[in-house]
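Read through the structure below, which is laid out as structure tokens, and then see the notes.
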Amino acid sequence: MEITVQWIRTSWTKQSRGGQAAAHRNAAPVGFQLPHVPSGFAHFIQMSEADGFEPCVGRKDMGEIGVSLRDEGDRLRVMARVEPLFGLPPRPRRPPAVRLGPGQWVRWQLNYRFTSALGIRGWSYWLDTFNIAYGPVDRDVFLSDPSVCIDECGPVR
């Protein structure tokens, strides 16, 4: 069965944590129209504070995405991997894997925070959004509401 993956990484610094800059960051899309992506690749979009949160589009090999996918015949088992572990903000226990049936899709979000080793550069943050569909889908699938939504975002203080 066909598996479609869209990975969106949004990154920022403390400068975009409040006010108008935070509003601009929060307005960044969590889903995009799908281009043609060859089998075995994920649609990858990167948006950063440095570029004004303008989408930079590309593709990643499926082995590079932070999600475990296992086709179980009539279902797709999806589990987001936490990478890197040291970047996790505090959060409750992780949810179990999601099993998608044909025609379903999940939006799974994880956030991270980092500082330099000596604390010189201050904090930086990123949000990973994984949109994953099982079965044939049209180009606008990730512009609609997901069948399942997992929000694993913790406080970034």
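Report the calculated FRET efficiency for Arg113 and Ala23 (r = Cβ-Cβ distance, R0 = 25 Å), to the nearest 0.05.
Step by step, r from the Cβ atoms, then E = 0.80.
If you average the sequence gap of Cα pairs under 8 Å that are 6 or more apart and divide by the length of the chain, what percent do you get for the contact order?
30 percent
Take the Cβ-Cβ distance between Ser39 and Val148 as r, set R0 to 25 Å, and report the resulting FRET efficiency rounded to the nearest 0.05.
The computed FRET efficiency comes out at 0.60.
With springs connecting C-alpha atoms under 10 Å apart, model the chain as a Gaussian network and identify which of Asn26, Asn131, Asn111 has the largest mean-square fluctuation.
Asn26
Let me make sure I get this right: for the stretch 1-100, a, b and c are the square roots of the gyration tensor eigenvalues over alpha carbons, sorted descending. Under 1.5 in a/c it's rounded, otherwise prolate if a/b > b/c, else oblate. Which is it?
Oblate, because a/c is 1.5 or more while a/b does not exceed b/c.
Sort Leu127, Leu143, Leu110 so that the residue with the fewest other Cβ atoms within 10 Å of its own Cβ comes first and the one with the most comes last.
Working: Leu127 20, Leu143 14, Leu110 25.
Listing Leu127, Leu143, Leu110 from fewest to most nearby Cβ atoms yields Leu143, Leu127, Leu110.
So for the pair Val30, Arg70, with labels modelled 7 Å out along Cα→Cβ, what separation do we get in nm?
About 2.7 nm separates the two model spin labels.
Report, in deg cm²/dmol and to the nearest 500, the calculated mean residue ellipticity at 222 nm for the chain, where each DSSP H run with n ≥ 4 adds -39500 (n - 2.57) and the sum is divided by the residue count.
Theoretical 222 nm ellipticity from helices: -1500 deg cm²/dmol.
Considering only the stretch 3-152, what is the antiparallel percent among its DSSP beta bridges, to the nearest 5?
Antiparallel bridges: around 75 percent, rounded to the nearest 5.
How would you rank Arg25, Arg75, going from fewest to most other Cβ atoms within 10 Å of each one's own Cβ? Kindly include the intermediate steps, with their values, before the conclusion.
Values: Arg25 21, Arg75 16.
Ordered by Cβ neighbours within 10 Å, fewest first: Arg75, Arg25.
Throughout, read-outs are computed from the coordinates displayed, never taken from laboratory work. These figures come from a predicted structure and were not determined experimentally. Quick reminder, even Gly has a Cβ in these numbers, built from the backbone with ideal geometry, and neighbours come from all protein chains shown.
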